[in-house]
1. If we scan the range 72-91, do we find a residue that is under 24 Å from Leu146 (Cα atoms), open to solvent by 60 Å² or more (accessible area, probe 1.4 Å), within 10 Å of the ligand (Cβ to nearest atom) and out of contact with any Cys (no Cβ under 9 Å at 6 or more places or on another chain)?
2. Mind checking which pairs have a first residue in the range 59-77 that is touching a residue at least 40 places away in the same chain (Cβ under 8 Å) and a second that is more than 7 Å from the ligand (Cβ to nearest atom) and among the β-branched types (Val, Ile, Thr), Cβ under 6 Å, 6 or more apart or different chains?
3. Taking only the range 161-194 into account, find how many residues are out of contact with any strand residue (DSSP E or B) (no Cβ under 6 Å at 6 or more places or on another chain), in a helix (DSSP H, G or I) and closer than 30 Å to Val97 by Cβ.
4. Restricting the range 1-52 to residues that are in a loop (DSSP other than H, G, I, E, B) and of a type in the set (S, T, N, Q), which is nearest to the chain's Cα centre (by Cα)?
5. With open to solvent by 10 Å² or more (accessible area, probe 1.4 Å) and either more than 21 Å from Val198 (Cα to Cα) or within 13 Å of the ligand (Cβ to nearest atom) (or both) as the only criterion, which of Pro50, Pro29 stands out?
6. Select, from Ala115, Ala149, Ala120, Ala138, the only residue that is crowded, with 23+ Cβ neighbours inside 10 Å and either farther than 20 Å from Ile32 by Cβ or more than 13 Å from the ligand (Cβ to nearest atom) (or both).
7. Applying the selection to the range 153-167, what residues are over 15 Å from Arg78 (Cα atoms) and either free of Cβ contacts under 8 Å to residues at least 60 places away in the same chain or more than 14 Å from the ligand (Cβ to nearest atom) (or both)?
8. Looking only at residues that are part of a helix (DSSP H, G or I), open to solvent by less than 10 Å² (accessible area, probe 1.4 Å) and not charged (D, E, K, R) in the range 201-217, which one is nearest to Arg20 (Cα to Cα)?
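The values are calculated or read from the model by the stated rules, or taken from the named source; none is laboratory data. Computed from a predicted model, the values in this text were never measured in an experiment. Ideal geometry is used to build each Cβ from the backbone, glycine not excepted, and the neighbour counts take in all protein chains shown. Accessible surface areas use protein heavy atoms only, side chains included; no ligands, DNA or RNA. Shrake-Rupley method; radii C 1.70, N 1.55, O 1.52, S 1.80 Å.
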Amino acid sequence: VSRLDPRLPPDLARAAELARARGGRLGAPLAIALETESTNDDAKRAGRDPATPHGAVWVADAQTRGRGRQGRAWLSPRGENLLFSVLLRVTCPPGRVPPIALAAGLAVRDAVATAVGDDAAVKVKWPNDVLVRGKKIAGVLVESSLSGARVEHVVVGIGVNVHTRAFPEEIASLATSVALEAAPGAPPTDRAEILADVLAGLDHDVEHVAHKGLGMIHARLARSDALAGRAVTHEGARGIARGIDPDGRLVIERDDGAIVRVVSGEVLAAERA
Ligand code: BTN
């Protein structure tokens, strides 16, 4: 065990120890940086070296170039958020990447639900945003590397708003955090505990989903689907979200009656999810 940097915030410092105590395959080795550009880039760089094992994790207290989906920036000031990336060495067809991303969203949902202490309030907005009472608390950025027609490895990058109490004005009405959603007076949750919960949840499902598809987790996803039955817009067309299909696509019944299956992109809820 490498000696920990004494400058690490105490609520992150125990991350490797907590992950190891769960006994799963994810979380070793686990590197914690005070600051990095993007943990996804750290994981992608290391993933090119075949010696870097399945389950290796990069955590940072702050990121200077945190990235979200759709080319957006991900707010990553020090001391506030759980920011990490996991390297998954799953060899599967590329079509299994969206189901893996959904499994990651579900693992984050479960961990956030434990942290805020309100299971029913925490949902997954397809494909893998995690919402509490309609506001975004976490996001997942999945980047895969192909070798021929097979996936060589997948990097799952996760950002969870944990201690933030005030967001910049542009996102204040859309974003929330564990600190804002937990019961008043509840002790603050360590970022390391949420991390260990996410890794345990993802470890439980990922290989099955990579090899067999969504089957085993489909019912759990359906139960926490923030969009199901809601009015949505996708590429300018309105409709009603009708759940997630077995390949991980969002099913939309458009207002003109057509059923469309959305593989990727952004779906906007026309009402609060
Ligand atoms: C999104 O909802 O748009 C996805 C956000 C993903 C953010 C995480 S933070 C850790 C990892 N490193 C990054 O640069 N991005 C992901």
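1. Yes: one or more hits.
2. Every condition considered, the pairs that remain are Val59/Ile32.
3. 3
4. Among residues in the range 1-52 that are in a loop (DSSP other than H, G, I, E, B) and of a type in the set (S, T, N, Q), the one nearest to the chain's Cα centre (by Cα) is Ser38.
5. Residue meeting the stated conditions: Pro50.
6. The unique qualifying residue is Ala115.
7. Selection gives His153 alone.
8. Among those residues, the one meeting the criterion is Leu202.
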